[in-house]
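Here the structure is laid out as structure tokens; the discussion comes afterwards.
Just so you know, all these numbers are worked out from the coordinates, no wet-lab data involved. Source: prediction; values computed, not measured. All Cβ positions, even for glycine, are placed from backbone atoms using ideal geometry, and neighbour counts span all protein chains on display.
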Amino acid sequence: MSRLVVVSNRIADPRKTAAGGLAVALAEVLNNTGGLWFGWSGKIVDAAEDDDVLFQRAGPVTLAMVDLSQVDHDAFYLGYSNGVLWPVFHYRLDLADFDAGYIGGYRRVNQLFARKLLPLLRPDDVIWVHDYHLIPLAAELRALGCKQRIGFFLHIPLPPPLMLAAIPGHDWLIRALFAYDLVGFQSKADLHHFAGYIEAEAHAQPVDEGRWRAFGRTVQAGAFPIGIDVQEFTALANAPEAVEMYERMRREYSRRRLLVGVDRLDYSKGLPQRMRAFREFLTKNPDLRSSATLIQIASPSRENVNAYTEILHELESLCGSINGNFGELDWMPVRYIHRTVARARLPGLYRASRVALVTPLRDGMNLVAKEFLTAQNADDPGVLVLSRFAGAAEQLGEALLVNPYDTEGTAAAILLALQMPVEERRTRHEALMQTVRRYDVHWWCDSFLAALERTQAEEKGTSWL
Ligand code: ADP
Ligand code: F6P
């Protein structure tokens, strides 16, 4: 059997807690398949160019890590990946910083990854590259003679063609995707945007189902919505730490209904909009005021990127003013916690909550929605309020779908969720869980790798960049 080689910028010891859908999903996949996980060590050093790869054994997985120099980290990670690609791919052209200097760092780090990874590869390895940090990696590997099958999965959304076209050098970026054998997206909408872009900008011709020819090459592309490890998460929900958390929350909030939000503190997650909707709910429903509490856990993320500092201040100020205006001596409507919660305790928190607010302005998928559903007691389940702009909404139509920009509409959905009779909660939960179970993380991994295996081998050549 071929060895699986996973490559991503962020890597994590599969035995430890991580915040971020990519690290959580890949840790679960690799724990099962074993293999090599190659990525950034998380360390910034003076000059990384000739540093050795650092190896670490983590159960069945070998982690192979490279350091980044300060200059490369700033241009590659803060600059191009999170200052250009992240905002544009989340439809936020207004937040993009198209500094021409960043692209050099992005290319240098992709070249560094290719150079350090190549000697570690075996002829029959299957290589799976993840996310927007590493779009040109296959092109860089091919330029060095790599012949193995390489797949790519984009964890974040792909925006409509004209929005993509706002990125200087966008054609170079999308052309680089054709060095892969298979490109996977989270949703049908993302796949549709990809097809629209290559047809409009590169005169691509559909060759076959999900296969296009452009730039003198062909590529296979498809939608592979990511899931969670339902069995593992259910076991986590029944383990002592989660049960203890559940009981503690139930004791503490015995007279109240809990609403919960768990996110990285990111402007794509719609946290200020969520707070405004909750404030609207409190304003419109004075009789329900002291019976509902929103717990918002927001883990620190990318704090060196300006837009993230701004969102932090906005959120803190909104939570402060809601508590100031609506709080009582014995009740605060919002509990805002700016930290990562231990993964073992999360299911307990989800289970103790009557409502989950998963209301991103734009999200590739959103795994919190699936985790919340999985942690529920099927006899008395909570209600998922889900943004129609999360990739998950394509699959989870039985949730209460909202437009997070519509403050009144979201506030009305909160009321509906809190008052939903148990029969309706059960019916919706059952239908949602069928999807969550069927399209779990193993389905995602197996279906992507099977599709990669089926791709028609094409001589990709070395002239890419
Ligand atoms: P993203 O990949 O954009 O962060 P997802 O919802 O897809 O969003 O994945 C987030 C993952 O990280 C989930 O598994 C979630 O449980 C975890 N996570 C997010 N925020 C926190 C937090 N504050 N504490 C603990 N885990 C978190
Ligand atoms: O899942 C989306 C994602 O952007 C991953 O690519 C990333 O690892 C995660 O969120 C957390 O972000 P970061 O790696 O920048 O901390």
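Some observations on this one:
- Each residue of segment 259-265 was assigned a 3J(HN,Hα) from its phi angle through the Karplus curve 6.51 cos²θ - 1.76 cosθ + 1.60 (θ = phi - 60°); the sequence is 10, 10, x, 10, 8, 6, 6 Hz, with glycine and proline shown as x.
- In plain terms, the residue of 319, 146 with the fewest other Cβ atoms within 10 Å comes first and the most crowded comes last, giving 146, 319.
- Under the Debye formula (equal points on every Cα, no solvent term), log10 I(q)/I(0) of segment 371-465 at q = 0.14, 0.19 Å⁻¹: -0.64, -0.93
- Summary value for the chain: 15 percent relative contact order, contacts being C-alpha pairs under 8 angstrom separated by 6+ residues.
- With contacts taken as Cα pairs under 8 Å at a separation of at least 6 residues, segment 248-333 carries a relative contact order of 38 percent.
- Kirkwood hydrodynamic radius (C-alpha pairs) into Stokes-Einstein, segment 77-211, 25 °C and 0.890 mPa s, D in µm²/s: 159
- Each of 181, 171, 124 was scored by other Cβ atoms within 10 Å of its Cβ. Arranged with the fewest first, they read 124, 171, 181.
- Proximal charge balance of residue 406 [Cβ under 13 Å; K/R count +1, D/E count -1]: +1
- Order of 374, 427 - criterion: other Cβ atoms within 10 Å of each residue's Cβ, fewest first: 427, 374
- Working note: Karplus 6.51/-1.76/1.60 with θ = phi - 60° gives segment 408-423 the couplings 5, x, 5, 4, 5, 5, 4, 4, 4, 5, 5, 9, 5, x, 4, 4 Hz, where Gly and Pro are set to x.
- Shape class for segment 297-396, computed from the alpha carbon gyration tensor (a ≥ b ≥ c): oblate, with a/c not under 1.5 and a/b at or below b/c.
- This model, with +1 at the C-beta of Lys and Arg and -1 at the C-beta of Asp and Glu, gives segment 346-401 a dipole about its Cα centre of some 160 debye.
- Segment 67-108: relative contact order as a whole-number percent, Cα under 8 Å and 6+ apart: 53
- Shape of segment 181-339, Cα gyration tensor, a/c cut at 1.5: prolate
- The charge dipole of the chain, taken about its Cα centre with unit charges on the Cβ atoms of Lys, Arg (+1), Asp and Glu (-1) only, comes to about 700 debye.
- In order through segment 128-133: 3J(HN,Hα) via Karplus (6.51 cos²θ - 1.76 cosθ + 1.60), integer Hz, x for Gly, Pro: 10, 9, 10, 6, 5, 5
- In the chain, the inverse of the mean reciprocal separation of distinct Cα atoms equals 23.0 Å; this is its Kirkwood hydrodynamic radius.
- Three-way shape call for segment 1-147 based on the alpha-carbon gyration tensor, with the a/c threshold at 1.5: prolate
- Local electrostatic count at residue 222 - Lys and Arg +1, Asp and Glu -1, tallied over other residues with Cβ under 10 Å: +1
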